[in-house]
Amino acid sequence: MKPDLFQAPDYFQVDDLLTEEHKLVRDSAREWVKKNLSPVIEEYAQKSEFPKFLVKGLAEIGAFGAYIPEEYGGAGMDQISYGLIMQELERGDSGIRSAASVQSSLVMYPIFTYGNETQRKKYLPKLASGEWIGCFGLTEPNHGSNPGGMETKFKDMGDHYLLNGAKMWISNSPIADVAVVWAKNEEGRIHGLLVERGMEGFSTPETHNKWSLRASITGELIFDNVKVPKENLLPNKSGLGAPLGCLDSARYGISWGAIGAAMDCYDTALRYAKERTQFGKPIAQFQLQQKKLAEMITEITKAQIFTWRLGVLKNEGRASSAQISMAKRNNVEMAINIAREARQILGGMGITGDYSIMRHSMNLESVITYEGTHDVHLLITGLDITGLNAFK
Ligand SMILES: Cc1cc2nc3c(=O)[nH]c(=O)nc-3n(C[C@H](O)[C@H](O)[C@H](O)COP(=O)(O)OP(=O)(O)OC[C@H]3O[C@@H](n4cnc5c(N)ncnc54)[C@H](O)[C@@H]3O)c2cc1C
């Protein structure tokens with residue numbers, strides 16, 4: 001892969017909207033990506049392996065639990081800092097951002113928000129430091145967009161719970177030390193359970209042959225009469241709203257992350273277009289290429305401002321689930337379109353691993369599907385503005 005020459009586009013001086021702390025956090029994540037992730041990511045994506053040796057460094061830049069209070073090992077940052085870290089990580093690779101999103105928003109967030117003090121003290125410091133990796137099990141073989149139909153269930157056996165079922169498409173699962181698992185009790189109510197590696201009957205086979213998010217490890221969670229201690233139930237929230245609350249936090253991070261992938265594709269394509277000559281001119285001088293580049297920077301700029309505003313609302317506790325859905329949907333579509341256009345600007349070189357664009361493009365195929373598909377987010381906006389449910 002070519003050296004990382006990334007220069008972040010900021011056409012409307014959106015930086016002026018950030019505090020000094022935001023910029024510090026963003027710049028240290030940016031430097032970390034340039035120094036540690038960019039030199040190795042292509043190799044790991046090509047061999048379809050998660051670069052686990054980066055976990056410690058991710059913890060050091062606050063990528064695990066950015067907004068979790070410091071007393072639990074988190075970085076105690078605000079939501080905009082969290083978003084900026086996700087943006088910078090995804091500028092490097094969506095798979096690495098996914099690993100950090102899951103750890104922060106889908107594992108640490110529910111333990112912090114729905115767990116008790118003992119659970120917080122037991123798990124959060126280990127997850128924040130990267131000593132432990134976590135995963136989040138909601139999706140099942142027969143229930144993706146409709147998680148409320150889940151079949152994974154647990155029974156109260158007096159001194160423990162007995163858990164049975166299976167989850168699939170679970171990021172981090174084959175290397176996870178703890179899984180936040182969503183399952184129904186005998187009354188059909190959804191609860192979160194903390195299932196630890198080593199519990200008898202619990203296995204996490206890896207999912208192979210992915211053409212997308214190759215540097216992120218994905219797998220299943222299989223529960224065959226797993227005895228889960230009663231103290232491992234998250235006590236403070238139940239029902240479908242509990243996992244959906246975690247998804248709000250993760251989707252918010254994705255909306256920032258997608259901007260990072262788009263910025264990297266735009267920046268690469270702009271540099272290439274100025275350097276590559278055809279018909280005696282840099283290709284950047286042809287109107288067709290300028291149209292692509294001008295539209296890219298316009299879309300990135302709109303997303304930067306839109307998402308910064310979402311961050312302000314999130315900091316004030318006023319961001320609604322529907323607003324987060326709109327941002328996730330808009331920004332991921334924006335990024336995937338930019339990746340496809342940028343790939344074309346690079347011609348044949350665009351399909352090689354010498355440049356990051358094809359990898360971003362393939363990665364974004366997962367990002368547009370997970371954490372609620374593109375269609376599902378549109379239905380959420382539709383429901384919010386009309387009051388009419390078009391899901392079923
Ligand atoms: C790489 C990767 C990592 C993932 N990581 C995790 C993870 O860590 N934890 C986790 O729990 N899950 C994870 N997922 C699962 C992901 O969230 C699901 O794939 C996603 O929710 C879609 O579910 P599905 O694949 O079963 O598709 P389906 O729900 O079967 O949807 C198929 C198609 O039907 C459409 N559709 C569905 N319902 C409707 C409707 N009512 N109206 C119109 N169209 C509809 C969808 O938009 C989609 O286009 C991951 C997925 C991938 C690919």
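Read-outs throughout are calculated quantities, based only on the coordinates presented, and are distinct from any laboratory measurement. Quantities reported herein were computed from a predicted structural model and do not represent experimental measurements. Neighbour counts run over all protein chains shown; Cβ positions are idealised from the backbone, glycine included.
Say R0 is 35 Å: what FRET efficiency, to the nearest 0.05, do N225 and S28 get from their beta-carbon distance?
In this case the efficiency is close to 0.15.
What is the set of long-range amide H partners of W169 at a cut-off below 5 Å, with H atoms built 1.01 Å from backbone N?
Close amide H contacts, sequence-distant or interchain: G219.
What number in nm² do you get for the range 273-318 if you take the convex hull of its Cα atoms and divide its surface by four? Provide the component values of the computation, followed by the final result.
Values: hull surface 14.9 nm².
Orientation-averaged projected area of the Cα hull: 3.7 nm².
Listed here are the pairs K23/K167; K155/K328; K122/K167; K126/K314; K34/K328; which of them are more than 30 Å apart at the Cα?
K23/K167; K155/K328
For D156, what charge total do you get from the other residues with a beta carbon under 13 Å from its beta carbon, if Lys and Arg give +1 and Asp and Glu give -1? All intermediate terms of the calculation are to be shown ahead of the outcome.
Details: positive: K153, K155, K184, R189, K227, K230; negative: D159, E186, E187.
Every neighbour counted, the sum reads +3.
How much of the pair distance distribution for the range 183-254 lies past 22 Å, counting alpha-carbon pairs only, in percent? Intermediate results must be reported in sequence, preceding the final value.
Details: 1064 of 2556 pairs.
The share of Cα pairs beyond 22 Å in the range 183-254 comes to 42 percent.
Give me Rg/Rg_expected for the range 261-341, where Rg uses Cα atoms only and Rg_expected = 2.2 N^0.38 Å with N residues.
Numbers: Rg = 16.0 Å, N = 81, 2.2 N^0.38 = 11.7 Å.
Rg over 2.2 N^0.38 Å, computed on Cα atoms: 1.37.
Modelling each spin label as a point 7 Å along the Cα-to-Cβ direction, I'd like the Q290/E71 distance in nm, to one decimal.
5.9
Cα-based Rg (one decimal) and Dmax (whole number) for the range 134-232, in Å?
13.1, 45
On average, how much area does the Cα convex hull of the range 167-316 cover when viewed from any direction, in nm²?
One quarter of the hull surface, i.e. the mean projection, equals 13.3 nm².
Please work out how much length the chain gains when fully extended from K52 to R318, using 0.36 nm per residue of separation minus the C-alpha to C-alpha distance, in nm with one decimal.
Extending this stretch completely gives an extra 92.2 nm.
Would you mind checking the tilt of helix 374-386 against the longest principal axis of the Cα atoms of the chain, expressed as 0 to 90 degrees and rounded to 10?
80
Where does helix 79-92 land angle-wise versus the long Cα axis of the chain, in degrees 0 to 90, nearest 10?
Once rounded, one gets 60 degrees.
Could you give the angle, 0 to 90 degrees to the nearest 10, between helix 321-345's Cα long axis and the longest principal axis of the Cα atoms of the chain?
Roughly 40 degrees between the two axes.
Using only Cα atoms, figure out Rg for the range 14-129 and give it as a multiple of 2.2 N^0.38 Å. Don't skip to the end; give the middle numbers.
Values: Rg = 14.3 Å, N = 116, 2.2 N^0.38 = 13.4 Å.
Cα Rg divided by the expected 2.2 N^0.38 Å: 1.07.
Please give the length that would be gained between N146 and V14 if that part of the chain were fully extended, namely 0.36 nm times their separation in residues minus their C-alpha to C-alpha distance (nm, one decimal).
Roughly 43.8 nm would be gained on extension.
How much mean residue ellipticity at 222 nm does the chain get from its helices, if each DSSP H run of length 4 or more adds -39500 (n - 2.57) and you divide by all residues, to the nearest 500 deg cm²/dmol?
So the helix-based figure for the chain works out to -15000 deg cm²/dmol.
Which value, in debye to the nearest 20, describes the size of the charge dipole of the chain about its Cα centre when Lys and Arg Cβ atoms bear +1, Asp and Glu Cβ atoms bear -1, and nothing else is charged?
Working: 43 positive and 47 negative charges, 135 e Å.
Rounded to the nearest 20 debye, it is 640 debye.
For L162 paired with N236, estimate the spin-label separation in nm (one decimal), with each label point 7 Å from Cα along the Cα-to-Cβ line.
Between L162 and N236, the simple spin-label model gives 3.2 nm.
Expected output is a single nm value to one decimal: the length gained when fully extending between D354 and K122, i.e. 0.36 nm times separation in residues minus the C-alpha distance. What is it? Intermediate values should be presented prior to the final figure.
Details: separation 232, 0.36 × 232 = 83.52 nm, distance 4.33 nm.
Going from the current span to full extension adds 79.2 nm.
According to the Cα gyration tensor, what semi-axes, each the square root of 5 times an eigenvalue, does the equivalent ellipsoid of the chain have, listed from largest to smallest in whole Å?
In descending order the semi-axes read 37, 21, 20 Å.
Hey, what's the Kirkwood Rh for the range 241-386 if you take every pair of different alpha carbons, in angstrom?
Answer for the range 241-386: a Kirkwood hydrodynamic radius of 16.1 Å.
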